[in-house]
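Here is the structure we will look at.
The values are calculated or read from the model by the stated rules, or taken from the named source; none is laboratory data. Just so we're clear, the structure is a prediction, and the values are computed from it rather than from any experiment. Counting neighbours? That spans all protein chains shown, and the Cβs are built from the backbone with ideal geometry, glycine included. Accessible surface areas use protein heavy atoms only, side chains included; no ligands, DNA or RNA. Shrake-Rupley method; radii C 1.70, N 1.55, O 1.52, S 1.80 Å.
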Amino acid sequence: MPDQYAVFGNPIAHSKSPLIHAAFARQTGEDLRYEARLAPLDGFAAMVDLFRASGACGANVTVPFKLDAYRYANELTERAKLAQAVNTLKFDGERILGDNTDGAGLVRDIECNLGFTLAGKDVLLMGAGGAARGVLLPLLGCKPQSLTIANRTPQKAQDLAQHFAAHGVLRARDYASLAGDRYDLVINATSSSLNDALPPLPPRLFPPGALAYDMMYGKGLTPFLAFAEANQAQILADGLGMLVEQAAEAFYVWRGVRPETRPVIEQLRKT
Ligand code: ATR
């Protein structure tokens, strides 16, 4: 019987993860099965207990269970500890390792797929919720010249900067105080695109060669990417590459094999 994996979420029907991991398994010859499982909002731990008891090897975890998974794990990687969220679980007897591959996925998409080197760059991260917290440690690890967090509720940006203070210098701002700033890379980690909204960004934010990255993806340009295009950002990217890269990193955590992501990203773009 192939090794069993699943992604747990609610809702989960539209998850692309089963397709992505099936493509990775075919490509690498790994013998595994991966499916999507809907967990009740108050029943994450009970469902994962059953899954583990059936002999499963690991799981991915998506909205709204990343904090439940963080609590469920009995061992955490450094990046999961700091993110206070887990998107990847690995089972080994009684050991339940919790990891967070989101930030590594973002960084790989930016550096490897988009060819944009983070070292020495001025970076602006918009948002101070779970999505932002999940990517901060890997971003700091790439040694940008500066990393600024902007948030509608400025106190939350300050709290995040404090939380990561031992790992690098972070500046916390509100949107109004960004006027006159320039950033080589602006990342949207807010949930504003879900409501077809946009944080109140000043114009002239993007110097020549700038990259605008929205962690969301969907049909066409998100409101943030449309703003970036209208304001002369040179490279526009949505979060589809990050989705595939975080999956590849999870696959590596489980199997010790790194799949090729480019053909899978291309396949998803087509569909
Ligand atoms: P997630 O886990 O997706 O990060 P979250 O923890 O609810 O979700 O955080 C959502 C983030 O998007 C927050 O930073 C939120 O700003 P506030 O902290 O001020 O609420 C931000 N956000 C959501 N809608 C926004 C909008 N229309 N404009 C600016 N920021 C927005």
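Listed values, structure above:
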{"quantity": "Segment 103-238: relative contact order as a whole-number percent, Cα under 8 Å and 6+ apart", "calculated": "21"}
{"quantity": "Rh (Kirkwood; distinct C-alpha pairs) - segment 103-238, Å", "calculated": "14.6"}
{"quantity": "Length added when fully stretched, Arg204-Ala45, from 0.36 nm per residue minus Cα-Cα", "calculated": "52.5 nm"}
{"quantity": "Length-normalised contact order for the chain - Cα pairs under 8 Å, 6+ apart - percent", "calculated": "16"}
{"quantity": "Normalised convex hull volume, the chain, alpha-carbon set, Å³ per residue", "calculated": "125"}
{"quantity": "Reachable lysines from Lys16, criterion Cα separation under 19 angstrom, eight or more residues apart if same chain", "calculated": "Lys66, Lys219, Lys270"}
{"quantity": "Diffusion coefficient, µm² s⁻¹, Stokes-Einstein with Kirkwood Rh over alpha-carbon pairs of segment 1-80 at 20 °C and 1.002 mPa s", "calculated": "162"}
{"quantity": "Solvent-accessible area per residue, Å², over segment 103-238 with all protein chains present [probe radius 1.4 Å]", "calculated": "44"}
{"quantity": "Fraction of beta bridges assigned by DSSP in the chain that are antiparallel (%, nearest 5)", "calculated": "20"}
{"quantity": "16 Å Cα-Cα reach of Lys156 towards aspartates and glutamates, excluding residues that sit fewer than 8 places from it in its own chain", "calculated": "Asp174"}
{"quantity": "Per-peptide average of other Cβ atoms within 10 Å, ordering 129-140, 109-120 highest first", "calculated": "129-140, 109-120"}
{"quantity": "Sorted largest first, extent of segment 56-110 alpha carbons per principal axis (Å)", "calculated": "36, 20, 18"}
{"quantity": "Hull volume in cubic angstrom per residue (convex hull over the Cα atoms of segment 146-204)", "calculated": "92"}
{"quantity": "Residue-count net charge about Glu249 - beta-carbon cut-off 9 Å; Lys, Arg +1, Asp, Glu -1", "calculated": "-1"}
{"quantity": "Segment 1-140: translational diffusion in µm²/s, Stokes-Einstein, Kirkwood Rh over Cα pairs, 20 °C, 1.002 mPa s", "calculated": "134"}
{"quantity": "Fraction of accessible area attributable to carbon and sulfur, the chain (%, probe 1.4 Å)", "calculated": "51"}
{"quantity": "Cα-based reach from Lys143 at 21 Å (exclusive), listing lysines while leaving out same-chain residues under 8 positions away", "calculated": "Lys81, Lys121"}
